[in-house]
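The structure appears below as structure tokens.
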């Protein structure tokens with residue numbers, strides 16, 4: 001089942017990874033509200049999307065317009081879409097001025113690089129009636145328009161961009177050590193991470209599968225994994241797969257963890273308290289923290305996360321950004 005990334009990259013994921021060992025409760029013992037984690041994670045998504053020029057959460061794009069340049073005809077009409085990575089192409093249309101739009105078969109779209117949103121148009125056997133893909137600006141019949149070198153906003157693209165996630169259940173029989181998970185949608189370039197968990201039937205607590213995964217054979221359409229300890233009774237595991245690459249997912253965690261760390265640092269010895277002491281009958285005990293009026297109790301960890309981001313962001317920029325030439 002295809003699910004939102006926010007259902008996979010959630011408060012539990014953040015607590016189990018980048019916030020291990022941090023007391024995530026308020027002074028009265030109540031846990032931090034879920035909206036705080038949701039805000040931190042969404043903010044991390046937005047920040048990285050703007051910095052890298054990509055989409056993380058899947059988004060449907062409709063009627064993205066691109067100009068037609070006659071000199072690009074010889075290169076099979078190269079385009080660089082505005083959002084990437086591209087998950088799938090949904091439609092392509094042309095519209096000349098105020099005339100009715102014409103649908104181009106999606107079989108003409110050659111998705112050369114999903115990661116960089118690069119496509120080309122190569123005509124297939126499917127025809128468009130009186131429209132032709134030949135000399136001059138494409139798909140305008142006759143020779144009267146062949147002297148035109150550019151038509152603004154001539155091509156319209158519909159597509160889906162971002163990374164997707166899936167979730168499901170798989171049941172292991174007694175002593176079964178291997179299982180295969182089929183995906184509803186392909187994961188490009190086998191870039192995805194898989195997590196296996198199980199839910200305690202009494203407490204409802206979700207934890208990493210007791211058997212653990214010791215091997216994983218990845219494919220774009222399925223994954224086969226092996227568990228370390230086969231179950232002694234029939235067991236149902238829950239699995240989640242996310243297409244966000246691990247290097248990008250790591251940066252999401254670094255950014256998203258900063259808000260909870262700032263709050264936890266302020267409350268490490270109580271709200272607004274940097275040190276406290278207790279004395280009874282000649283016995284004294286004191287506690288000093290790194291928290292102060294200008295520094296959070298977890299300030300050192302936040303600075304470490306910031307240093308890691310400075311190292312990792314340039315590598316991600318090199319991976320996702322590409323030089324654009326001409327009208328790309």
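Bear in mind that the values in this text are calculations on the coordinates, not laboratory data. Only a predicted model underlies this, so the values are computations on that prediction, with no experimental measurement involved. Note that we place each Cβ from the backbone using ideal geometry, even for glycine, and neighbour counts take in every protein chain shown.
Rounded if a/c is under 1.5, else prolate if a/b beats b/c, else oblate: with a ≥ b ≥ c from the C-alpha gyration tensor eigenvalues square-rooted, which is region 82-128?
Cα axes put region 82-128 in the oblate bin.
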Checklist entry - How far apart, in nm, are two points set 7 Å out from the Cα along the Cα-to-Cβ line at residue 174 and at residue 300? => result 5.3 nm
Checklist entry - For the residues 104, 148, what sequence is obtained by ranking on other C-beta atoms within 10 Å, fewest first? => result 148, 104
Next on the checklist: If I model a spin label at residue 125 and residue 234 as a point 7 Å from the Cα along the Cα→Cβ vector, what separation in nanometres do I get?
Outcome noted: 4.9 nm
Item to check | Which of 112, 35 has the fewest Cβ neighbours within 10 Å, and the rest in rising order | outcome: 35, 112
Checklist entry - What ranking do 89, 1 get, fewest neighbouring Cβ atoms within 10 angstrom at the top? => result 1, 89
Item to check | Paramagnetic reach from residue 1 in region 154-177 [backbone N under 11 Å; point 7 Å along Cα→Cβ] | outcome: 167-169
